[in-house]
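Please read through the structure below; I'll follow up with questions.
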Amino acid sequence: PEQLDQLRKTTYALIDKSRTTTVSDDKYDLDEGHGPNNPRLTRIKSPHRLDAIYWDVLQKSKMTEVLTSLLGPNTALQSTKLNTKAPGGGQAVEWHQDWAFYPHTNDTMLAFGLMLEDVDEANGPLQLIPGSHKGPVLSHFNKDGVFCGAIDPADPDFDFSKAVTLTGKAGDMTVHHVRM
């Protein structure tokens, strides 16, 4: 609980610091309507490089214990980010497989999330399709062959009817395979 409280305070302080940012940069992806009087972010990039609390939680926390039990003690960190959604806003994240964004030759990777606030259906939770990591890697290119970071919902290997929504309380964690 102490780490969660510190993470929340630090995150809100970073959001507050973004007020002077006018274009997306190496720290912040700005959301529509962002400004000095209304800080609205899509994400905070690499928070473990912005404040030591994020690195501390990655190194020594209950989250670390879960990940070590799944992956073993010899793991590597690919990246970190904080997805944020301001009340009444937040950009939609299109359906995708995280694998399309990772420059690796193996897919023994997991993506995990820590909920800093309660997450319910109303605030845009993560949705997954169970078992989809066992299927093919889907195309993330548009009809013109340009990478767009999203799959075509009409792809015959995409079955939205099987999607589940991940909700939880602040402090809950999600873990999923990068091809899910």
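The values are calculated or read from the model by the stated rules, or taken from the named source; none is laboratory data. A quick note: this is a predicted structure, and the numbers were derived from the prediction, not measured. Every residue, glycine as well, gets a Cβ built from its backbone with ideal geometry; the counts of neighbours run over all protein chains shown. Accessible surface areas use protein heavy atoms only, side chains included; no ligands, DNA or RNA. Shrake-Rupley method; radii C 1.70, N 1.55, O 1.52, S 1.80 Å.
Can you grab the distance from the C-alpha centre of the range 106-138 to the C-alpha centre of the range 1-28, Å, no decimals?
The two parts, judged by their Cα centres, are 23 Å apart.
Moving on to the next point. Pull up all non-local amide H partners of Thr42: gap of 5 or more, or a different chain, and H-to-H distance under 5 Å with H placed in the peptide plane.
Asp29, Leu30, Asp31
Another question about this same structure. Nearest 0.05, what FRET efficiency do Thr64 and Asp16 give at R0 = 30 Å with Cβ-Cβ as r? Before the final figure, lay out each step's value.
On the way: r = 28 Å, r/R0 = 0.93.
That pair, Thr64 with Asp16, gives E of 0.60.
Treat each spin label as a single point 7 Å out from the Cα along the C-beta direction, and report the Asp5 to Glu121 distance in nm.
Rounded to a tenth, the inter-label distance reads 3.3 nm.
Longest segment of the chain with no trypsin sites (Lys or Arg not before Pro) in a DSSP loop having at most 13 other Cβ atoms within 10 Å? All intermediate terms of the calculation are to be shown ahead of the outcome.
Numbers: sites that count: Lys60, Lys143, Lys169.
It runs 61-142.
Let me ask something else. When the accessible area of the range 59-154 is split by element with a 1.4 Å probe, what percent falls to carbon and sulfur? Each step should come with its number before you reach the end.
Details: 3560 of 6500 Å².
That share works out to 55 percent.
Roughly how big is the range 7-118's charge dipole about its Cα centre, with Cβ charges of +1 (Lys, Arg) and -1 (Asp, Glu), in debye to the nearest 20?
On the way: 13 positive and 14 negative charges, 74 e Å.
Charge dipole, the range 7-118, about its Cα centre: 360 debye, nearest 20.
Between His104 and Asp56, what length in nm is gained on full extension when 0.36 nm per residue of separation is reduced by their alpha carbon distance?
Numbers: separation 48, 0.36 × 48 = 17.28 nm, distance 2.55 nm.
In short, 14.7 nm is gained.
Under a straight-distance cross-link criterion of Cα-Cα below 20 Å, which lysines are reachable from Lys162, leaving out those fewer than 8 residues away in the same chain?
Qualifying lysines at Cα under 20 Å: Lys134.
Using just the helices of the chain, give the 222 nm mean residue ellipticity in deg cm²/dmol: DSSP H runs with n ≥ 4 each add -39,500 (n - 2.57), and the total is spread over all residues, rounded to 500.
After summing the helix terms and dividing by residue count, I get -6000 deg cm²/dmol.
I would also like to ask the following. If you average the sequence gap of Cα pairs under 8 Å that are 6 or more apart and divide by the length of the range 1-85, what percent do you get for the contact order? Intermediate results must be reported in sequence, preceding the final value.
Details: 87 pairs, mean separation 23.1, N = 85.
Computed value for the range 1-85: 27 percent relative contact order.
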